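This report concerns only the one structure given below.
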């Protein structure tokens, strides 16, 4: 079986967790940037990562006309971006209509979280939830509990509206303790300028990123998020990454973050209280890190989660899709 993958950003995190980073271990896979009939002559499955343009729709139609199985995947709820997200102008009503057309055309639909599937229920299409997973094929998952007084945050510029509501709490904690703070992202001055003990790293490619966080070996990973529907659909990739790096996760009381070992908060004040508790209690950090590590090792390694993709591919082999 051969699968062709179309990704608008093959180098980015979505590709790492949902397409180019997962299929080559289980099937003959090839990435393509433009699509026409001759490219599909040797293809069994066309996989479209986050199909959100008319070009994706045209590619899907070509696949269907040639009898190629069309598989599409979404890692975010693209129907409810918050006002502060810089991608909001793109995901307007016209784009949403194209997304719906792509969903209606598809033979197989997978998403990263149940909340995304719930958003699309009205389309009356079968939707499989395949969670994001730690890629243990290339990054062995080993117990690595940190004993370093380091707090880490990582994220893109789209998270400005998530960080700002927690800024006072972050500054309160940062400037009343001797813990060091690590930030991975860009244009974070609105938070980091008011923190003395900090280090700010730029966004980086995925292999270097995993090497970097392992070297930092933080003790606590913070996930300050605004409580909105878009964030309720976001995956918990940061928890996977930072457990690999040795940290305990402090995250919002939202479905994707209610996992073994994660400490949940309900509002900015609770965020500060829980963060201070984690900083002061080594035993709590150790117990919760162990819970997260064991759960991920048993359930959310890519070598395990990829079995769901294999099952879907096997159904295509026997003509059931």
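Read-outs throughout are calculated quantities, based only on the coordinates presented, and are distinct from any laboratory measurement. This structure is a prediction, so every number in the text was calculated from the model and none was measured. Cβ sites come from the backbone with ideal geometry, for glycine too, and all protein chains shown count toward neighbours.
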Problem set entry | Extended-chain gain in nm, criterion 0.36 nm per residue less alpha-carbon gap, residue 186 and residue 299 | 37.4 nm
Exercise. Can you give the relative contact order of the stretch 150-299 as a percent, counting alpha carbon pairs under 8 Å and 6+ residues apart?
Worked result: 22 percent
Exercise. So, how do all the Cα-to-Cα distances of the chain break down into 20 Å bins, in percent, from 0 on up?
Worked result: 31, 55, 14, 0
Exercise. Against the longest principal axis of the chain, how steep is helix 268-280, in degrees 0 to 90 to the nearest 10, with axes from Cα atoms?
Worked result: 70 degrees
For this session: Under a 10 Å cutoff between Cα atoms, tell me which one of 146, 233, 36 has the largest fluctuation in the Gaussian network model of the chain.
Result: 36
For this session: Assign one of three labels to the stretch 150-299, namely rounded, prolate or oblate, based on the Cα gyration tensor with a ≥ b ≥ c the square roots of its eigenvalues; rounded applies when a/c is under 1.5, prolate when it is not and a/b is larger than b/c, and oblate otherwise.
Result: rounded
Problem set entry | Length-normalised contact order of the stretch 88-177 in % [C-alpha pairs under 8 Å, at least 6 apart] | 18 percent
Exercise. With the Cα gyration tensor of the stretch 119-184 giving a ≥ b ≥ c as the square roots of its eigenvalues, does the rule (a/c under 1.5 for rounded; else a/b larger than b/c for prolate; else oblate) give rounded, prolate or oblate?
Worked result: oblate
Exercise. On a 0 to 90 degree scale, rounded to 10, what angle separates helix 206-216 from the longest Cα axis of the chain?
Worked result: 20 degrees
Exercise. Measuring from label point to label point, each 7 Å out along Cα→Cβ, what is the residue 311 to residue 34 span in nm?
Worked result: 4.0 nm
For this session: Give, as ranges by residue number, the residues of the stretch 223-261 whose backbone N falls under 15 Å from the point 7 Å along Cα→Cβ of residue 217.
Result: 243-248
Exercise. Classify the stretch 1-94: rounded, prolate or oblate, from the alpha-carbon gyration tensor (a ≥ b ≥ c, eigenvalue square roots; a/c under 1.5 rounded; otherwise prolate if a/b is larger than b/c)?
Worked result: oblate
Problem set entry | Residue-averaged 222 nm ellipticity for the chain, from DSSP H runs of 4+ at -39500 (n - 2.57), nearest 500 | -11000 deg cm²/dmol
Exercise. Expressed as an acute angle from 0 to 90° and rounded to the nearest 10, what is the orientation of the C-alpha long axis of helix 302-317 relative to the principal long axis of the chain?
Worked result: 10 degrees
Exercise. If you rank 270, 42 by fewest surrounding Cβ atoms within 10 Å, what's the result?
Worked result: 42, 270
For this session: Using Cα pairs closer than 8 Å and at least 6 residues apart in sequence, work out the relative contact order for the chain, in percent.
Result: 16 percent
